[in-house]
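Written out below as structure tokens is the structure these notes cover.
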Amino acid sequence: MRDNLAKCGSEGLSGEAAAAFPVAVRDLTKVYGAVTAVDRISFVIEPGTTVALLGGNGAGKTTTISMLLGLVVPTAGEVRVFGADVSRDRYQVAHRMNFQSPYVDMPMRLTVRQNLTVYAGLYGIANVTERVAYIAGDLQITALLDRRTGKLSAGQKTRVGLAKALLNAPELLLLDEPTASLDPDTADWIRQKLQAYGRERGATILLASHNMAEVERLAHRVIVLEAGRIVEDGPPKQLLKAYGRQTLEEVFLQIARRNDMGRHAAAIAAVETGTEPPP
Ligand code: ATP
């Protein structure tokens, strides 16, 4: 994983070479009281690639994405987007990136059109009316434009969130469970859209997902987090080979269960020896 960082050259993340990478983080850490949500993670993401961030519930995926967006301030470490330190200079690169997350709600009393119009204004988009109409058509939400955002179904909100994320045609797209709440047909259609977006625009996509079929379809590379740490990092095929498995689902289960077994064994040992069990 350190080798990956070496691509930024001897000047490190603050040097010119780092600006070529949509994402570069070094020893990135976030501590919430007694919980270390993200624990000294380091990696760079190559332009035009799609990277999946995997991990069980509470592994640190959302916290990592939030730090990349400049929404959560790191406790320690460096976080760069196109070379800019987003914890300080987020606005330098805000127009080049966008995100979608089921955890970030748009103002519920506004209509979808009003919301998309406000966001288009914030991103400094010219021809706002035309752009909103185009994106709505592209994501097949034109019929929802004059509905109140708060009255939409979960799946409809997800699609509106993706429309918002694509408004400024971002070079870097951060997605937190992009097909959550979508029916299988719509989820499949959205995956096709994202795949085409990455290919046609040469966009870089970082997505957190629990859906392994989605990851197999979209990701060039997979980063697996466990308790805030990176435990695997590589192309899906490499992971399948390393674990001798046919699907990423099987690899994911093997990693999760290996660690569960480890914790279980440590807890038994702690009881037997009268020491504190690990957290
Ligand atoms: P999930 O798959 O369940 O969405 P995740 O991998 O996205 O999980 P995070 O949401 O990043 O995980 O959470 C990582 C850890 O940090 C969890 O233990 C969580 O409880 C904790 N955490 C996240 N945000 C906060 C916060 N604002 N205050 C305190 N603890 C937090």
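The values are calculated or read from the model by the stated rules, or taken from the named source; none is laboratory data. Being a predicted model, the structure only gives us computed values, none of them experimental. With ideal geometry, Cβ positions are generated from the backbone for all residues, glycine too; neighbour counts draw on all protein chains shown. The area values use the complete protein model at the heavy-atom level, side chains included, leaving out ligands, DNA and RNA. Shrake-Rupley method; radii C 1.70, N 1.55, O 1.52, S 1.80 Å.
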Residues located in segment 71-86, provided they are assigned to a strand (DSSP E or B), at negative phi and within 16 Å of the ligand (Cβ to nearest atom): 76, 79
Within segment 195-205, considering residues that are open to solvent by less than 10 Å² (accessible area, probe 1.4 Å) and either in contact with a Pro (Cβ under 8 Å, 6 or more places away or on another chain) or of a type in the set (Phe, Trp, Tyr) (or both), the one farthest from residue 49 (Cα to Cα): 203
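Can you find even one residue in segment 29-46 that is open to solvent by less than 50 Å² (accessible area, probe 1.4 Å) and part of a loop (DSSP other than H, G, I, E, B)?
No - not one qualifying residue is present in segment 29-46.
Is it the case that segment 248-258 has a residue that's of a type in the set (Gly, Ala, Ser) and modelled with pLDDT under 90? Break it down stepwise before answering.
As a first pass, look at segment 248-258 and keep what is of a type in the set (Gly, Ala, Ser): 256.
Pick out the ones that are also modelled with pLDDT under 90 and you get 256.
Scanning segment 248-258 turns up at least one residue that is of a type in the set (Gly, Ala, Ser) and modelled with pLDDT under 90.
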Top-ranked residue of segment 180-213 - restricted to ones that are within 14 Å of the ligand (Cβ to nearest atom) and at pLDDT 90 or above, ranked as farthest from residue 98 (Cα to Cα): 212
Subset of segment 214-232 [within 16 Å of the ligand (Cβ to nearest atom) and either farther than 9 Å from residue 54 by Cβ or part of a strand (DSSP E or B) (or both)]: 214, 222, 223, 224, 225, 226, 227, 228, 229, 230, 231, 232
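Tell me yes or no: at least one residue of segment 95-116 is more than 30 Å from residue 147 (Cα to Cα) and either open to solvent by 30 Å² or more (accessible area, probe 1.4 Å) or assigned to a helix (DSSP H, G or I) (or both). Outline the logic, then answer.
Initially, segment 95-116 is screened for residues more than 30 Å from residue 147 (Cα to Cα), giving none.
Scanning segment 95-116 turns up no residue that is more than 30 Å from residue 147 (Cα to Cα) and either open to solvent by 30 Å² or more (accessible area, probe 1.4 Å) or assigned to a helix (DSSP H, G or I) (or both).
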